[in-house]
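Read the figures in this text as sums done on the coordinates, not as results from a lab. The shown structure was predicted, so the numbers you read here are calculated from the model rather than taken from an experiment. Positions of Cβ are backbone-derived with ideal geometry, glycine not excepted, and every protein chain shown enters the neighbour counts.
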Amino acid sequence: MKTIYDIVMAAPPAQVTRCKIAMVEIAHGHWAAAASTMENVVSETEPGAWTLDCMQMRDFCMLMDKVKYHGLEACAKVPEFV
């Protein structure tokens with residue numbers, strides 16, 4: 001999985017600002033907001049490798065939001081994080 005920094009650096013010009021917003025949301029621990037922002041990026045971008053990276057980041061943010069409220073037990077239900 002790419003880091004949010006890598007995603008921002010490879011972003012199409014129309015998505016740079018939105019990706020930077022997601023980066024700030026992640027830095028402040030606002031995982032649900034970051035997931036929502038990444039979902040908007042995915043829905044407005046043509047399919048491709050970069051979009052897949054954004055989807056992975058969105059899924060990671062959603063998982064981290066669950067961990068924030070339910071602890072590490074939230075990871076036990078996701079096979080790739082066990």
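Numerical summary
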read-out	value
Contact order relative to length of the stretch 4-81, as percent, for alpha carbon pairs under 8 angstrom and 6 or more apart	25
Projected label distance in nm at Q56 and A14, using a 7 Å step from Cα toward the beta-carbon	2.4
Theoretical gain in end-to-end length, E39 to Y5 [0.36 nm per residue, Cα-Cα removed]	10.6 nm
Per DSSP, loop GluC sites (Glu not before Pro) in the stretch 1-72 with at most 15 further Cβ within 10 Å	E44
Three-way shape call for the chain based on the alpha-carbon gyration tensor, with the a/c threshold at 1.5	prolate
Structure-based [θ]222 nm, the chain - -39500 (n - 2.57) summed over DSSP H runs of at least 4, per residue, nearest 500	-21500 deg cm²/dmol
